[in-house]
Amino acid sequence: MKSRLVIILFSITTVIFLFLLLLCRLNGYKDSLRFHLDPLEESGRELQPDLEANGFWIIGDSRAAGWETFQLDFIRIKSVNLGIEGQTSRQVLERFRNDIDRSRPYCILLQVGINDLKCIGLLKDETITRTCIRNILLILETCKKHEIKAIYSSIFPPGDIELFRRPFWEPTTMDSLTTVNAVIKNYCQKNGFIYFDTFKLLESQINPGIVINEYQKDFLHINARGYEHISDRLQDLLGSVDEDWVKYLIE
């Protein structure tokens, strides 16, 4: 009797496990189909009727999406946030190309790259860093081609890593992050764009390479105080730049 009960319980457990496994596979397949149907993930985004010409666009991933326009109230032209959670540099590039077919901003604020680099630990792909750099440069080249001004916000440092992420986070990712920021900084300096070193502003002096604790929301994101801090410093930076296009932004 006891052995029969064990067999029944084992069978029920096995069925439940297989059902959950099938459900996970099905959900993964659905996500894959959704991505193939909408690789830029625009179906869930409301059309932006206020993308009038000469606006100020915040573009990028969830780190860009978290940068509220009211925190940039020193920007005197119309601001709109076009950041989308989880997007890679390639997705942001293609969305930007699509958006400027509808309208042209005066200036963009770009924060992107971490969703590319966080894949290094899982995919072990040496081309990820180069591809990320290429896509960001293509965004800036698109700006240059269409006479759009740009402010590049360097990729934020990560926070203290959660336990469940540790097996998937490659420590050398920080080297890649530093490389991306350095290459884009050099490009900005040579092409009249503004390089805004948010990495340095957010980095802890006690734990180099990590976000200051009071600004951390989670491993990959900063909190409202972090955004307030970098917004204040951006205002200071723009106020110190003696360029007509910058004066147009803030005066």
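Some observations on this one:
- Only one of the numbered conditions (1) exposed (fewer than 13 other Cβ atoms within 10 Å of the Cβ); (2) without any contact (Cβ under 8 Å) to a residue 24 or more places away in the chain is not met by N223, and that is (1).
- Condition met for I84 (closer than 19 Å to I230 by Cβ, at pLDDT 85 or above and touching a helix residue (DSSP H, G or I) at 6+ places or on another chain (Cβ under 9 Å)): no
- Where M174 falls short, out of the listed (1) within 15 Å of R63 (Cα to Cα); (2) free of Cβ contacts under 8 Å to residues at least 60 places away in the same chain; (3) surrounded by fewer than 22 Cβ atoms within 10 Å (Cβ to Cβ): (1)
- Residue selected from segment 188-211 under the condition in a helix (DSSP H, G or I) and surrounded by fewer than 17 Cβ atoms within 10 Å (Cβ to Cβ), by the criterion nearest to the chain's Cα centre (by Cα): K200
- Residues (assigned to a strand (DSSP E or B) and either surrounded by fewer than 19 Cβ atoms within 10 Å (Cβ to Cβ) or in contact (Cβ under 8 Å) with a residue 40 or more places away in the chain (or both)) located in segment 55-107: F56, W57, I58, I59, G60, V80, C107
- Qualifying residue in segment 200-220 (condition: under 26 Å from W245 (Cα atoms), in contact with a helix residue (DSSP H, G or I) (Cβ under 9 Å, 6 or more places away or on another chain) and modelled with pLDDT of 95 or more): yes
- Put simply, of K200, K185, K217 the only residue that is among the charged types (D, E, K, R), in the same structural domain as K118 (by TED's automatic domain parsing) and more than 19 Å from L110 (Cβ to Cβ) is K217.
- Check on G121, crowded, with 17+ Cβ neighbours inside 10 Å and of a type outside the set (A, V, I, L, M, F, W, C): no
The values are calculated or read from the model by the stated rules, or taken from the named source; none is laboratory data. Being a predicted model, the structure only gives us computed values, none of them experimental. As a convention, Cβ positions derive from the backbone with ideal geometry for all residues, glycine included, and neighbour counts pool all protein chains shown.
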